[in-house]
Amino acid sequence: MIEQKLKNLIRDIPDFPKEGIVFKDITPLLLDPVVCREIVDAFIEQLDEEVDVVCAVESRGFFFGPMLAARLDVPFIPIRKKGKLPGTTISYSYDLEYGSATIEMHNGVLKPGQKVLLHDDLIATGGTVMASIELIKRQRAEVVAAAFLVSLEFLDGVKQIRNQVPHIISLAPYA
Ligand code: AMP
């Protein structure tokens, strides 16, 4: 079962990057190409919606975001940290489980009415996803599904985005 496989491979790193945070390190998953394929398969299997584009959040959303887009045969649009995108951007600032951040997206790449699959490696407080949804909505596109490798259910991020996103996929939820 994919959930247990992921949980066996994901490493808990205490006090990283700050004291009190238990960091879920997903990099061991990337060492195994079979597991990587199984992860993409599991996302695709659970995705019931037609999507026009995959958007994912820097940095760890870029591991599987482009793989998902390639498999779905749709474009991939990166959401990046402030100052990384060279074109005209729109931005949004938000609080993280640790610190705060501003994310940006190129203006005009997402077309009005497009259906978006939003991806990140992990959802904690939901701040990153809420900010991403805001950027996507400002371009009059719609998040029809959100897909995560990991959800920290005890931090209420999933609950927070539930009324914004019709379908939430989490391969490894931690209660
Ligand atoms: P949040 O905005 O609180 O939902 O945080 C999600 C973002 O922060 C994701 O991009 C994660 O990569 C990262 N993140 C937050 N908490 C953790 C954690 N405990 N372990 C690994 N990554 C985390």
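Values quoted throughout were computed directly from the atomic coordinates according to the rules given, and no laboratory measurement underlies them. Not measured: the values here are computed from a predicted model. In this analysis, Cβ positions are derived from the backbone assuming ideal geometry, glycine residues included, and neighbour counts consider all displayed protein chains.
How high is the FRET efficiency from residue 12 to residue 95, r the C-beta distance, R0 30 Å, rounded to 0.05?
Efficiency computed from Cβ-Cβ geometry: 0.85.
May I ask you to list, by number, the DSSP H helices of the chain whose Cα span along the axis is at least 15 Å and whose average Kyte-Doolittle hydropathy reaches 0.5 or more?
33-46, 61-72, 127-138
Could you tell me which of rounded, prolate or oblate describes region 1-140, using a ≥ b ≥ c as the square roots of the eigenvalues of the alpha-carbon gyration tensor, with rounded for a/c under 1.5 and, failing that, prolate when a/b is larger than b/c and oblate otherwise?
The shape class here is oblate.
Compare the peptides 34-45, 136-147 by average per-residue count of other Cβ atoms within 10 angstrom and give them in order, highest first.
By packing density, highest mean first, the sequence is 136-147, 34-45.
Any lysines with Cα under 22 Å of the residue 137 Cα? List them, leaving off those in the same chain fewer than 8 positions away.
Filter leaves 81, 82, 84, 111, 115, 159.
Could you let me know the centre-to-centre spacing of region 62-114 and region 157-173, using Cα atoms, in angstrom?
Using only Cα atoms to place each centre, the spacing works out to 18 Å.
Quick check for me: using +1 on Lys/Arg Cβ and -1 on Asp/Glu Cβ, what's the dipole size of the chain about its Cα centre, in debye to the nearest 20?
Result for the chain is approximately 520 debye, rounded to the nearest 20.
Once you put a point 7 Å from the Cα of residue 21 and another 7 Å from the Cα of residue 46, both along the Cβ direction, what distance in nm separates them?
Modelled inter-label distance: 2.3 nm.
Could you please report the charge total around residue 166, scoring K, R as +1 and D, E as -1 over all other residues with beta-carbon less than 13 angstrom from its beta-carbon? List each step's numbers first, then the result.
Numbers: positive: 115, 162; negative: 48, 49, 50, 142.
Charge balance in the 13 Å sphere: -2.
How would you rank 9, 29, going from fewest to most other Cβ atoms within 10 Å of each one's own Cβ?
The most exposed by this proxy come first: 9, 29.
If amide H atoms are built 1.01 Å from N in the plane of the peptide, which residues on other chains or at least 5 residues away come under 5 Å of the amide H of residue 56?
Those lying under 5 Å, H to H, from residue 56 are 77, 79, 119.
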